[in-house]
1. With every protein chain kept in the model, how would you rank LYS750, LYS114, LYS491, LYS559 by accessible area, 1.4 Å probe, largest at the top?
2. Restricting to the chain, what percent of DSSP beta bridges are antiparallel, rounded to 5?
3. Over region 670-783, what is the relative contact order in percent, taking alpha-carbon pairs closer than 8 angstrom and at least six residues apart?
4. How large is the charge dipole for the chain, taken about the Cα centre, if only the Cβ atoms of Lys, Arg (+1) and Asp, Glu (-1) carry charge, to the nearest 20 debye?
5. Mind giving me the nanometre distance, one decimal, between the label points for GLU736 and TYR700, set 7 Å out from Cα along Cα→Cβ?
6. Are there any trypsin sites (Lys or Arg not before Pro) in region 503-541 that are in a DSSP loop and have at most 16 other Cβ atoms within 10 Å? List them by number.
7. Calculate, in nm to one decimal, what ALA49 and MET250 gain on full extension: separation in residues at 0.36 nm each, minus their alpha carbon distance.
8. Could you please state how large a percent of the accessible area of the chain is carbon and sulfur, counting protein chains only and using a 1.4 Å probe?
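The values are calculated or read from the model by the stated rules, or taken from the named source; none is laboratory data. In this text the structure is predicted, and so the values were computed from the model without any measurement. Quick reminder, even Gly has a Cβ in these numbers, built from the backbone with ideal geometry, and neighbours come from all protein chains shown. For the accessible areas, the whole protein counts, side chains as well, though only heavy atoms, and no ligand, DNA or RNA atoms are used. Shrake-Rupley method; radii C 1.70, N 1.55, O 1.52, S 1.80 Å.
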Amino acid sequence: MKQIIRTALVMSIGLMSTQCNTAQQPTTAQQTETVEQTQTPTARASSTADPRMRQFVDSLLSQMTLEEKIGQLNLVSVGFDVTGPVVSQNVDENIRKGNVGGVFNTYTPVAARKLQEFAVNNTRLKIPLLFGYDVIHGHRTIFPIPLGLSASWDLEAIERSARIAADEASADGLNWVYSPMVDIARDPRWGRISEGAGEDPYLGSEIARAMVHGYQGDDLTKENTVMATVKHFALYGASEAGRDYNTVDMSLNRMFNEYMPPYKAAIEAGVGSVMTSFNDINGVPATGNRWLMTELLREQWGFDGFVVTDYTAINEMIAHGMGDEAKVGELALTAGSDMDMVGEVFLRHLKQSVEKGNVSEEEINTAARRILEAKYKLGLFEDPYRYTDEQRAKTTIMKPEYREAARDIARRSMVLLKNSKQTLPLKKSGTIALIGPLANNQRDLIGNWSGAGDWKQAVSVEQGIKNVAGNGVKINYAKGANITDDEQMIKRLNAHGGELQLDKRTSEQMIAEAVKVARASDVIVAVVGESQGMSGEAASRADIGLPGKQRELLMALKKTGKPLVVVLMNGRPLTLTWEDQNVDAILETWFAGTEAGNAIADVLFGNYNPSGKITATFPQMVGQIPLYYAHKNTGRPFNGDLLNKYTTRYMDVTNEPLYPFGFGLSYTSFTYSKPQLSKTSISPSENLEVSVQVQNTGNYDGEEVVQLYVQDVVASITRPVKELKGFQKINLKKGESRTVTFTLTPEHLKFYNNDLDFVLEPGEFKVYVGTNSRDVQEASFTVTQ
Ligand code: BGC
């Protein structure tokens, strides 16, 4: 795919350069004068409250024609791969006419500068372009997929990954990124669960804030910060049956308590833009949903940035049954969508809509103002070329310390799911049977949505083991199985950037070779899982077990009697009941990024003691989905009494997950005391302190994520059996113990009632503290009237 991408870019830039006379470029000062005769933009503030920005944009708007204002609302894709059916046409001509407000899918300082020069030199008002891109988990240096990042529960590390991504992206011509994706996801069939922080609104909100701050820093005009986009607004993760783009129908109570908090957190953190989602919400597609984007987002939450639609999401409202192209364009604009991603509906129809009186010019002004303000906030009117410094690109992109950070952050994201008989860590001696289709793979390691990442830079597991264990370890490799044997699926994956090659041997031959290799070794490390394209957009799976013949491979390996370590790579929770019961150790590594192999080897050989915890429940079987820890009680909770038929349960499987939310082991062990409360009764305005003594009782130094959950026992609406309200990642030396204290504030105890008031209802509460959402100890307190 890289090849296709490059060629497309060069072609499109080539076209530009033949039409662009660089000798006639005005200086920055000249451009500024043309745009604004009386004011000099200082572009230092970042809110609509900034009077200089207001004046500057007022003046600019007063010089613009209706067509030019509509042009600002048009976002085109130049050159690269696309995620939908339409590719932008006649880009150069449209830029020249002032019909383009921003481009996406173009990067490198040279390419971005060419396009920016073209826009600035060839348009009447010389308004610079926004340059957007899907920078999702790193730009060139790739970090673990977001689901993996979230499993670190390490806000500092997550923010650091976004900061590095912003530094690289801004050095690479970009000023606007389509991240963070904060959609709560409780259905692992949905491929896009890989792109977010999992199932929990509290953790999701903390991560949303960390990422926005990582990208935007404290000053958007700095050359190394970029504008972030929180997406997909809203509720995209609740698509029915985990099928992508599907219907969402949800009670307001669930919406506000469980799904909305991370979006709101990103808005409060000052995110510059919001992207709409493809799904409908209770009957109205998000992109045309005025309640969502105007009443809630702007009027209630006070968002003052701009809203970009998702890719051709306006056009897609036709298929949703909302009317013809002109109608859906009007719907989107009047609902509060400011920028049309690739679909060009605004460009084709809004002028006539204004003429017909279906849309007011004031509404167009409002949307155009928001786009111009974003450009002002980024300092683009001051210097349109701020993000196109070739020298900075050379010294910034993939510098050694960024690769080192990627290795460190990748290690922090890995989750030890099983480790019987202390199979791990491995000794740095003897012979390892390194088996599996992902064992010497590079392409899959950087995961999906790693647009500008170069998989050839990724460190394979085989290479990582050599780097970490050195010559003391002998590696015997066998592929053992294809990731999948489904030729149609391989074709589809490869059409979208996969590099899968089907080994033509029969699975029996491949397994026989692997068994032979295993027999001749001391320990087996089987690296199995999904291909990166099996999760992400449009990558839902109905069966979320190990694909292809990989489980058969593990079954055969088990029969050798050798210690069997499974290293997993995947973009979603998988169903792993057999694996859990039969192999000796399981290390979940997600798709860990550029430094994956080194980071995995660091964990396998004990250079790093794993500390990650899963952020989405792993079910026992698909039929249990949706399965999440913060569920409500029914009137007939299951109590373990097998003969009691009339309780909430299945006939054929328990209600328990395979691995609960927050679960993850360490090479050491931790013991917890019972939680101590500072008081057993508080008033509704008081804080409560919860303390617990945690001790490292094992043989290694290690980190532990101490988790605190709360249950509102009696309330005016049914409440979850527990909800995460605090966590601390602590580092304890072997034998060390520490008191961990959490402060619960009234905010932590509030919820949206059925009138959507955010209230604290007095009464009994329970507090649970522990190492995951299941293994906890409790205490209770009362909130008085
Ligand atoms: C995805 C977005 C992405 C956009 C631009 C869409 O298909 O849903 O997450 O940002 O494409 O590539």
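1. LYS559, LYS491, LYS114, LYS750
2. Once the DSSP bridges in the chain are tallied, antiparallel ones form about 55 percent.
3. Relative contact order comes out at 33 percent.
4. 2200 debye
5. Computed distance between label sites GLU736 and TYR700 equals 1.6 nm.
6. When the trypsin sites (Lys or Arg not before Pro) of region 503-541 are filtered for loop state and at most 16 Cβ neighbours within 10 Å, LYS504, ARG505 remain.
7. Result: 68.8 nm gained on full extension.
8. Ligands and nucleic acids excluded, carbon and sulfur give 48 percent.
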